[in-house]
Amino acid sequence: MGSIYGDWLKEQREAAGLTQQQLADMAVMTRSHIAHIEAGRRVPSKEDARRLDRALNTGNVLSSFLPQDDDTSIAEYFERVRVLEQQVVVIREFALAYVPGILQTKRYARAVLGAAFPPVSDEECDRRVVTRLERAKILDDPVTPVVWALLDETVLRRPIGGADVMAEQLMHVVRLAETGRIRVHVLPFAVGHHPLMQNMLTLMDFEDQPPLAYSEGDRMGKLHDSPSVVRELEGRYALALSDALPLEESLALLRVTARDYGHHD
């Protein structure tokens, strides 16, 4: 999202002589949520926008001119998600085809990003790999955010980058789980159809903001802030997780698969 909407909100708040906290109290929101909207890091929900209009006596301007998701490219969407990743306290990932970005090794990330079509230059691929590895730095903190990774078995079986790259990648996930930094569960083929089969999904929880969800498929991505939609996606995640292998069985499968790719302890 650009900053035009947030800038206008800030102008109206200051013209009304209100601090962010005062506006937050009047609109039944948190001060940090107001700050993120003004900085262009968040889009308010329709209900948030209506409360802001009432608090600032701006008619229905903030409600009517919410940034439109349908005109936003997947790259622009994910830029918002990348910023939000730095603020989460709990992040739950479902991966349908690839290891989640924050868990990817350098070689695996290069294999994924280098397979783009239309092709990209080596320089552009390098830039994208660096950006992806920068995202993974949220795991440098030993506690926050809490990370759950739910992996469709397809993620393990498709040899992205070749056997050696896959073995390294799977053992990287295993080590993160063995140290307790993440939890990982594999959704095996034997489950058959499950409620997350169509898209990858990221669920994000924050300390003092409403939860969000991000779903992504082929050439489409969407950041969801509607409470009803987020609850539905959380429910789908919970159902899929209930059919997944327990942690130790998932780690055992990851280790065996890594050995099949040629990894040796």
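The values are calculated or read from the model by the stated rules, or taken from the named source; none is laboratory data. Computed from a predicted model, the values in this text were never measured in an experiment. As a convention, Cβ positions derive from the backbone with ideal geometry for all residues, glycine included, and neighbour counts pool all protein chains shown. To get the accessible areas, we keep the full protein, side chains included, count just its heavy atoms, and leave off ligands, DNA and RNA. Shrake-Rupley method; radii C 1.70, N 1.55, O 1.52, S 1.80 Å.
Counting Cα-Cα pairs of the chain in 10 Å increments starting at 0 gives whole-percent bin shares of 6, 27, 31, 20, 11, 4, 0.
Protein heavy-atom accessible surface, 1.4 Å probe, per residue over the chain: 51 Å². Please report the net charge: other residues with Cβ closer than 10 Å to the Cβ of VAL120, K and R +1, D and E -1. Spelling it out: positives minus negatives among the neighbours equals -2. When both bridge partners sit in the chain, DSSP labels roughly 55% of those beta bridges antiparallel. Globularity index of segment 109-158 is 1.44 (Cα radius of gyration / 2.2 N^0.38 Å, N = number of residues). Taking only protein heavy atoms and a 1.4 Å probe, the accessible area of the chain is 53% carbon and sulfur.
What is segment 107-195 by shape, rounded, prolate or oblate, if you read a ≥ b ≥ c off the alpha carbon gyration tensor as root eigenvalues and call it rounded for a/c under 1.5, prolate for a/b larger than b/c, and oblate otherwise? Because a/c hits 1.5 or more and a/b fails to exceed b/c, segment 107-195 counts as oblate. Accessible area per residue was computed with a 1.4 Å probe on protein heavy atoms; PHE65 scores about 140 Å². Taking amide hydrogens as placed 1.01 Å from N in the peptide plane, the amide H of VAL186 sits under 5 Å from those of LEU151, LEU245, SER250, each at least 5 positions away in sequence or on another chain. Near GLN22, once Lys and Arg are set to +1 and Asp and Glu to -1 for all other residues with Cβ below 13 Å from its Cβ, the sum equals 0.
Shown in residue order for segment 126-136 are the 3J(HN,Hα) couplings computed by the Karplus curve 6.51 cos²θ - 1.76 cosθ + 1.60 at θ = phi - 60°: 4, 4, 5, 5, 4, 4, 5, 5, 4, 4, 5 Hz (x for Gly and Pro). Can you tell me, using C-alpha contacts under 8 Å and at least 6 residues apart, the relative contact order of the chain as a whole percent? Contact order relative to length: 20 percent.
GNM on the chain, alpha-carbon springs under 10 angstrom: the most fluctuating residue among ASP164, ASP25, ASP243 is ASP25. Computed from phi, the 3J(HN,Hα) profile of segment 193-198 under the Karplus parametrisation 6.51, -1.76, 1.60 (θ = phi - 60°) reads 5, 9, x, 10, 6, 8 Hz, with x in place of Gly and Pro.
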